[in-house]
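Participant: Have a look at the structure that comes next, please.
All of the numbers you see were taken from the coordinates with simple rules; none came from a lab. Since this is a predicted model, take the numbers as computed values, not measurements. Every residue, glycine among them, receives a Cβ derived from its backbone with ideal geometry; neighbour counts consider all protein chains shown.
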Amino acid sequence: MALDRKNVPNDLSAFWMPFTANRQFKKAPRLLVSADRMTYKTADGREILDGTAGLWCCNAGHNRPKIVEAIRAQAGELDYAPAFQMGHPKAFEMASALRDMAPEGMEHVFFTNSGSESVETALKIALAYHRARGEGQRTRLIGREKGYHGVNFGGISVGGIVTNRKFFGTLLAGVDHLPHTHLPEQNAFTRGQPEHGAYLADDLERIVQLHGPDTIAAVIVEPMSGSAGVILPPKGYLEKLREICTRHGILLIFDEVITGFGRLGASFAVEHFGVMPDMMTTAKGLTNGVIPMGAVLTTSAIHDAFMQGPEHMIELFHGYTYSGNPIACAAGLATLETYREEGLFERAADLAPYWEAALHSLRDVKNVIDIRNMGLIGAVELAPLPGEPTKRAFQAFLDCFEKGILIRTTGDTIAMSPPLIIEKTDIDRLIGTLRDVLEKLD
Ligand SMILES: Cc1ncc(COP(=O)(O)O)c(C=O)c1O
């Protein structure tokens, strides 16, 4: 197909790309210029099957008419309204719609613009909540090894991915980490939740006793770690964390930025696993990835702790210029409607067994050392090339892109999380192409 010149920039130098090997990219750019449903189109006219829902966010697929139209209409009606001491109807509608979709007990919504901001917001609410209740000495935050909670200082402090932490100074003080739950010796090739590892949650009790229970504000974990390579919670693990937090008055925060909005075949991981946190962080699928938006959900107990003192006083000194931006709210409302009208969460649950079988059919492929899955998410872990970690998986990513499928890699793990509108024939193509690519790799 002829090159569409208007889409090919002739200067790539100004844009410092995020989480990208800039020099390598700019030598051989991978430019996406349009998208529809399951398919991206590249600048040179090739079609690419989206195996990752963009960046784990376009759960309803691309170019969905209701969302596109809602954004257009909102931009022409109310483009922006001040977020502080002023309101507009769509922010209230969006908060109510999200509360109605969320697990019972999550009653209040604080809007942000990304997953990272949702994490910072939740950590700050946790600290201020204890202070509002006269327990201001609860300042410690507990994260987990391999955890990913975005890239801001709070998030990288509680996060547990070394490359996201080690370049950035001393980070927040008073943070501790639980051990990760990746146990390939015992759990490799488990379908769904692994059997072994619930005992790892007991480490929380050790940390609590080390510092003193009344010094700890919150524990934050991804119910299922996405960015570290789809690491599932062992059976009984989340339940134990919940029990220990409750016993010591510690808030439990689930970071549902990836697991929310149908990814696991339920609206949220909370519902999938049946374990209730005190706060949830969301973003990504909240607006189908189309407009930046995040949200923190809290229980009434947390929210109400702030609603005291003189009524003219601001209760929480926190917020963003774009908290509840009208266009983001319009996109969010249309997204939640699309999910509901098309039954996409149920669809993900229905497709999950097919997805699981397709993924695990790669078990005997060269260099595959583990496969993990749940809902419509999956990971294929490769043995690293000796002395060159990450290189084999990255080569697979490049080769897959050449062959028309988009996957993601993290370390030597290939992660896939297609839009929930994926068809079985697309799954066959995705997995078939990945098989061909892996068979040919060194
Ligand atoms: C669990 C989790 N939290 C937070 C974030 C950060 O989100 P954002 O990139 O929107 O800041 C991500 C992004 O992948 C995530 O997976």
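Participant: Compute the separation of the alpha-carbon centres of the range 312-361 and the range 88-120 and state it in Å as a whole number.
Facilitator: The range 312-361 and the range 88-120 have Cα centres spaced 10 Å from each other.
Participant: While we're on this one: Counting each DSSP H run of 4 or more residues in the chain as -39500 (n - 2.57), what helix-only mean residue ellipticity at 222 nm follows after dividing by all residues, to the nearest 500 deg cm²/dmol?
Facilitator: Working: 16 runs with 163 residues, N = 442.
About -11000 deg cm²/dmol.
Participant: Could I ask something else about it? Mind checking the dipole of the range 155-258: about its Cα centre, +1 per Lys or Arg Cβ, -1 per Asp or Glu Cβ, Debye to the nearest 20?
Facilitator: On the way: 8 positive and 12 negative charges, 35 e Å.
Charge dipole, the range 155-258, about its Cα centre: 160 debye, nearest 20.
Participant: Here's something else I'd like to know. How high is the relative contact order of the chain, in percent, counting Cα pairs under 8 Å that sit 6 or more residues apart?
Facilitator: Numbers: 876 pairs, mean separation 94.1, N = 442.
Taking the mean separation of contacting Cα pairs over the length of the chain, I get 21 percent.
Participant: Right, another one. Could you derive backbone 3J(HN,Hα) for the range 256-270 from the dihedral phi with the Karplus parameters 6.51, -1.76 and 1.60 (θ = phi - 60°), listing whole Hz in sequence and x where the residue is Gly or Pro?
Facilitator: Here the 3J(HN,Hα) series is 9, 4, 9, 6, x, 6, x, 4, 9, x, 9, 4, 9, 4, 3 Hz.
Participant: Please work out the C-alpha center-to-center distance from the range 136-160 to the range 386-435 and express it in whole Å.
Facilitator: Result: 29 Å between the Cα centres.
Participant: From the phi of every residue in the range 216-227, what ³J(HN,Hα) in whole Hz does the Karplus formula 6.51 cos²θ - 1.76 cosθ + 1.60 yield, where θ is phi - 60° and glycine or proline is x?
Facilitator: 9, 8, 7, 10, 10, 9, 7, x, 9, 5, x, 5
Participant: DSSP loop (so not H, G, I, E, B), at most 11 other Cβ within 10 Å: list which chymotrypsin sites (Phe, Trp or Tyr not before Pro) in the range 299-363 pass both filters.
Facilitator: The qualifying sites are Phe317.
Participant: Apply the Karplus parameterisation 6.51 cos²θ - 1.76 cosθ + 1.60, with θ equal to phi minus 60°, to every residue of the range 46-54 and state each ³J(HN,Hα) to the nearest whole Hz, in sequence, with x for glycine and proline.
Facilitator: 8, 9, 10, 6, 7, x, 10, 6, x
Participant: Would you kindly compute the Cα radius of gyration of the range 56-166 and its largest Cα-Cα separation (Dmax), both in Å?
Facilitator: Both quantities, over Cα of the range 56-166: 17.7, 50 Å.
Participant: Once the dipole of the range 151-296 is set up with Lys and Arg at +1 and Asp and Glu at -1 on Cβ about the Cα centre, which of Ala201, Ala218, Leu264 lies farthest towards its positive end?
Facilitator: Checked the options; the winner is Leu264.
Participant: Could you give the size of the charge dipole of the chain about its Cα centre, using +1 on the Cβ of each K and R and -1 on the Cβ of each D and E, expressed in debye and rounded to the nearest 20? Don't skip to the end; give the middle numbers.
Facilitator: Details: 44 positive and 53 negative charges, 231 e Å.
Charge dipole, the chain, about its Cα centre: 1120 debye, nearest 20.
Participant: Given Lys124/Lys235; Lys41/Lys424; Lys27/Lys440, which pairs have Cα atoms separated by over 27 Å?
Facilitator: Numbers: Lys124/Lys235 30 Å; Lys41/Lys424 21 Å; Lys27/Lys440 24 Å.
Flagged as over cut-off: Lys124/Lys235.
Participant: What's the magnitude of the charge dipole for the range 120-198 around its Cα centre, counting Lys and Arg as +1 and Asp and Glu as -1 at the beta-carbon? Answer in Debye, nearest 20. Please list the in-between numbers first.
Facilitator: Details: 10 positive and 6 negative charges, 58 e Å.
The calculation lands at about 280 debye.
Participant: Turning to a different aspect of this structure: When only C-alpha pairs under 8 Å and at least 6 residues apart count, what is the relative contact order of the range 288-390, in percent? Before the final figure, lay out each step's value.
Facilitator: Working: 58 pairs, mean separation 17.8, N = 103.
Contact order relative to length: 17 percent.
Participant: What order do you get for 219-226, 346-353, 177-184, 10-17 when each peptide is scored by the mean count of other beta carbon atoms within 10 Å, highest first? Mind showing how you got there, number by number?
Facilitator: Working: 219-226: 26.6, 346-353: 17.0, 177-184: 18.9, 10-17: 8.4.
Result, highest mean Cβ count within 10 Å first: 219-226, 177-184, 346-353, 10-17.
Participant: Could you tell me which of rounded, prolate or oblate describes the range 287-425, using a ≥ b ≥ c as the square roots of the eigenvalues of the alpha-carbon gyration tensor, with rounded for a/c under 1.5 and, failing that, prolate when a/b is larger than b/c and oblate otherwise? Spell out each step's value before the answer.
Facilitator: Details: a/c = 2.55, a/b = 1.95, b/c = 1.31.
Prolate, because a/c is 1.5 or more and a/b exceeds b/c.
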